[in-house]
Amino acid sequence: MIPTLSWTPEGVRFIDQTRLPLEESYVVATTYEQVADVIVTMVVRGAPAIGVSAAYGVALGAQHSESESAERFAPEFDKICARLAGTRPTAVNLFWAIDRMKKLFADLRSKGASMAEVKERILAEAHAMYDEDIAACKTMGAFGGALLPDEGGVLTHCNAGALATCGYGTALGVIRSAVEQGKQIHVYADETRPFLQGARLTAWELTADGIPTTVICDNMAASLMRAGKIKAVVVGADRIAANGDFANKIGTYNVAILAKEHGIPFYCAAPWSTIDMETSTGDAIPIEERNQVEVTHHGGKQLTPHGVGICNPAFDVTPAKYVSAIITERGVLRAPYAESLREMEMAAQ
Ligand SMILES: CSC[C@H]1O[C@H](OP(=O)(O)O)[C@H](O)[C@@H]1O
């Protein structure tokens with residue numbers, strides 16, 4: 001299995017996704033601040049992976065604390081959570097994970113827990129999130145794999161694979177499951193400028209799995225669809241609003257419009273930790289603006305002239321009307337999503 005991230009006695013170990021595919025190297029974060037740094041610099045990226053990384057960051061902060069009790073640890077706990085919450089604004093999984101740790105800590109504090117118990121329970125909660133994420137990817141993969149065609153081209157954008165999760169992947173989990181179900185899928189992977197998660201990470205994952213994959217420039221999707229090469233699209237998500245609008249890597253909205261224009265099913269696959277019922281529509285999802293150097297440079301070489309304006313939103317929002325289905329570990333949702341999301345949320349309570 002791809003070791004996106006793992007807990008070790010020294011700290012949290014990450015495969016360095018900024019160096020893939022040509023170099024497989026690892027970074028060990030020994031403090032919660034270093035976990036925050038690897039999230040900001042995208043050594044680790046992908047909504048579910050970011051959430052679980054932050055959970056392990058809280059666990060690391062607790063492990064290193066010299067407080068004698070939960071009560072005395074409280075101000076330090078709040079500082080750790082604030083630092084991790086300040087890393088990236090769009091993926092709701094980050095805040096879902098931190099809130100889950102906050103609920104656990106509030107309960108431990110109310111019971112007067114010792115610091116030893118706090119350390120043990122917070123680390124156990126991070127491990128639980130890790131295991132739950134992989135299980136969710138496999139369950140949603142099976143649901144989604146059934147929706148994909150028996151053969152033909154499936155397009156994906158960015159990397160919603162094992163590297164974006166604790167393992168198996170969301171959109172790539174759907175593709176892996178379809179292949180495991182015997183379907184003859186050929187994946188078309190958008191390179192996904194400017195960070196090239198598709199060309200670098202999706203291609204690396206699927207090639208290693210022996211799944212036929214073609215990397216395309218982002219501007220090639222339309223003509224491939226018109227040529228009949230694409231039979232379905234499946235992407236991940238960073239935040240799904242209560243009405244089914246969702247934020248995902250920049251360029252996803254383009255693909256959604258193209259898919260609708262060509263009558264191609266467009267699927268969004270995400271664990272329930274990506275669903276944000278507190279955000280009513282996609283217009284309210286915060287969109288991260290990243291460093292301009294991701295656009296102006298490639299491989300350390302400057303592409304653009306000095307002084308030109310640069311735009312680098314890391315995500316865009318796809319309105320629910322373009323979404324054929326939302327695939328989760330709790331099942332497949334269809335429009336109207338405001339109702340189907342609410343029903344599925346209530347069924348789980
Ligand atoms: C399975 S969620 C993956 C999701 O996260 C990516 O963003 P980033 O690489 O900036 O963390 C992208 O939106 C993927 O679809």
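A few points about this structure:
Matching residues to (1) within 20 Å of residue 134 (Cβ to Cβ); (2) over 17 Å from the mean Cα position of the chain (by Cα):
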position	(1), (2)
18	no, no
31	no, yes
50	yes, no
61	no, yes
70	no, yes
76	no, yes
97	yes, no
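- Selected residue (criterion: least open to solvent (accessible area, probe 1.4 Å)) from residues of the stretch 108-137 that are closer than 17 Å to residue 68 by Cα and of a type in the set (D, E, K, R): 119
- Residues that are touching a helix residue (DSSP H, G or I) at 6+ places or on another chain (Cβ under 9 Å), over 13 Å from residue 3 (Cα atoms) and open to solvent by 10 Å² or more (accessible area, probe 1.4 Å), drawn from the stretch 25-37: 30, 31, 32, 33, 34
- Checking 211, 185, 216 one by one, the residue that is buried (at least 24 other Cβ atoms within 10 Å of the Cβ) and over 22 Å from residue 42 (Cα atoms) is 185 and no other.
Each row is one residue, and each column tells you yes or no for (1) of a type in the set (A, V, I, L, M); (2) more than 16 Å from the ligand (Cβ to nearest atom).
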site: 28; (1), (2): yes, yes
site: 64; (1), (2): no, yes
site: 92; (1), (2): yes, no
site: 96; (1), (2): no, no
site: 103; (1), (2): no, yes
site: 106; (1), (2): yes, yes
site: 124; (1), (2): yes, yes
site: 129; (1), (2): yes, no
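- Test: residue in the stretch 283-301 that is within 17 Å of the chain's Cα centre (by Cα), within 11 Å of the ligand (Cβ to nearest atom), open to solvent by less than 10 Å² (accessible area, probe 1.4 Å) and of a type outside the set (Gly, Ala, Ser): no
- Sole exception among (1) surrounded by fewer than 24 Cβ atoms within 10 Å (Cβ to Cβ); (2) within 15 Å of the ligand (Cβ to nearest atom); (3) modelled with pLDDT of 95 or more for residue 53, by number: (1)
- Of residues in the stretch 156-197 being within 14 Å of residue 267 (Cβ to Cβ) and of a type in the set (Gly, Ala, Ser), the one farthest from the ligand (Cβ to nearest atom): 178
- Condition check for residue 223 on (1) more than 16 Å from the ligand (Cβ to nearest atom); (2) touching a residue at least 12 places away in the same chain (Cβ under 8 Å); (3) of a type outside the set (Val, Ile, Thr): one failure, at (2).
- Screening residue 153 with (1) open to solvent by less than 10 Å² (accessible area, probe 1.4 Å); (2) within 16 Å of the ligand (Cβ to nearest atom); (3) in contact with a strand residue (DSSP E or B) (Cβ under 9 Å, 6 or more places away or on another chain) gives one miss only, at (2).
- Of all residues in the stretch 232-268, exactly one satisfies the criterion of being in contact with a Lys or Arg (Cβ under 8 Å, 6 or more places away or on another chain) and on the phi > 0 side of the Ramachandran plot, namely 251.
- Tally of residues being within 10 Å of the ligand (Cβ to nearest atom) and either open to solvent by less than 10 Å² (accessible area, probe 1.4 Å) or under 18 Å from residue 144 (Cα atoms) (or both) across the stretch 249-272: 5
- First in the stretch 315-339 and crowded, with 17+ Cβ neighbours inside 10 Å, second anywhere and among the acidic types (Asp, Glu), Cβ under 7 Å, 6 or more apart: 315/238; 315/288; 317/245; 318/245; 319/245; 320/245
- Qualifying residue in the stretch 64-84 (condition: among the aliphatic types (A, V, I, L, M), surrounded by fewer than 18 Cβ atoms within 10 Å (Cβ to Cβ) and closer than 19 Å to residue 113 by Cα): yes
The values are calculated or read from the model by the stated rules, or taken from the named source; none is laboratory data. Predicted, not measured: the structure shown is a model, and the values here were computed from it. Cβ: placed from backbone, ideal geometry, glycine included. Neighbour counts: every protein chain shown. Just so you know, the surface numbers come from the protein's heavy atoms only, side chains and all, with ligands and any DNA or RNA stripped out. Shrake-Rupley method; radii C 1.70, N 1.55, O 1.52, S 1.80 Å.
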